[in-house]
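No lab work stands behind these numbers, since they all come straight from the coordinates. Everything numeric in this text was worked out from a predicted model, so none of it was measured. So basically every Cβ, Gly included, is an ideal-geometry build from the backbone, and we count neighbours across all protein chains shown.
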Ligand SMILES: [Zn+2]
């Protein structure tokens, strides 16, 4: 993808373009900002601008295509191997960077997840940053820049990235990806400005399973405990998506709260479940909704502390249906 086709991040693209035009690219960047918002895409588009045979990042020339397929000999991608980026990986990169570029005017090394450099790897990388070679560009990416070694941070030019505004993300999902407006609205509201989430495997969770989860929840009653325990087990078993499931529940009660305050349906997340929302909002006075939201926040905090997941979900559901 070229600069012009990447959505949002206008200021960042402009700064990078100006650095290229004025021959003032630093030897190292640190792109920082939340996961899944397009830092890596921008880094690859920047590499295309630098390597492209037309100088435009055309996406069609052999250089651009090799970048797209991650097989350009002068582009090196580094990611954590397991939990960390290890010293052997950094040594491998240092060896590569000690050679002259083969096809491009310079070598680019992209280090994704820079906060996960283990101490030895971090110190090794520091050497490269302290004695930069003229024909190299390092781009470090991090969603947790405060966890990157300060000595590394200070040797990079930092470029912060922000989430896309909700309206923009919705527009993109609806127009460019041929998504129903209603679907785009729900995904955008739940995905918190993050593209990867909105488009990736969470799409199914957010669209279909959300409906199922909320309908099951709405059908629970404090008088019959078995279905409640069943749902708690189902939720706890999908450990990987537990946070997202809680987000869905949060949005459900938040929607009801908004209905109480006479907000129109544009502000709601679950616009496809309006009838259910209205029925539930009638059943729950504002004070009760606030208690339920509190219970959800408490459950989220507990999960961060690694409590028994199923027990936490049982307690939560009991509070939600009370
Ligand atoms: Zn090109």
| said: If each residue of separation counts as 0.36 nm, what is the full-extension length gain between residue 147 and residue 294 once their alpha-carbon separation is subtracted? | reply: 49.9 nm
| query | Pick from 34, 26, 227: which residue has the top mean-square fluctuation in a GNM of the chain where Cα pairs under 10 Å get a spring? | reply | 227
| query | Build a GNM of the chain with springs between Cα atoms under 10 Å: which of 216, 22, 47 gets the top mean-square fluctuation? | reply | 22
| Principal-axis tilt of helix 39-51 within the chain, Cα atoms, nearest 10 degrees | 20 degrees
| task | State the extension gain, in nm to one decimal, for the chain segment bounded by residue 83 and residue 177, taking 0.36 nm per residue of separation less the distance between their alpha-carbons. | result | 30.5 nm
| note | Here the gain from full extension of residue 225 to residue 204, 0.36 nm per residue of separation minus their alpha-carbon distance, amounts to 4.7 nm
| task | Mind running the shape call on the chain? Use the C-alpha gyration tensor, a ≥ b ≥ c as the square roots of the eigenvalues: rounded below 1.5 for a/c, prolate if a/b tops b/c, oblate otherwise. | result | prolate
| said: How would the stretch 178-322 be classified by its alpha-carbon gyration tensor: rounded, prolate or oblate, with rounded meaning a/c under 1.5 and the a/b versus b/c comparison settling the rest? | reply: oblate
| Given a Förster radius of 25 Å and the C-beta distance between residue 123 and residue 24 as r, what FRET efficiency does 1/(1 + (r/R0)^6) yield to the nearest 0.05? | 0.35
| field | Pairwise FRET efficiency - residue 218 versus residue 158, Cβ, R0 = 51 Å, nearest 0.05 | value | 0.65
| query | Once the Cβ-Cβ distance between residue 192 and residue 17 is put in as r, and R0 is 30 Å, what FRET efficiency do you end up with, to the nearest 0.05? | reply | 0.60
| said: Could you work out the relative contact order of the chain? I mean the mean sequence separation of Cα pairs under 8 Å and 6+ apart, divided by the number of residues, in percent. | reply: 17 percent
| message | When a/c reaches 1.5 or more, the comparison of a/b and b/c decides; with that in mind, is the stretch 33-115 rounded, prolate or oblate per its Cα gyration tensor? | response | oblate
| Say each of residue 103 and residue 308 gets a label point 7 Å from the Cα, pointing the same way as Cα to Cβ; how far apart are those two points in nm? | 5.8 nm
| remark: Nearest 10, in degrees from 0 to 90: the angle of helix 10-21 to the longest Cα principal axis of the chain is 0 degrees
| note | Largest fluctuation, 69, 260, 284 only, Gaussian network model of the chain with Cα springs under 10 angstrom, belongs to 69
| Could you work out the helix-only [θ] at 222 nm for the chain, with each DSSP H run of four or more residues adding -39,500 (n - 2.57) and the total divided by the number of residues, to the nearest 500 deg cm²/dmol? | -16000 deg cm²/dmol
| Helix 181-191 sits at what angle to the longest principal axis of the chain, using alpha carbons and giving 0 to 90 degrees rounded to 10? | 80 degrees
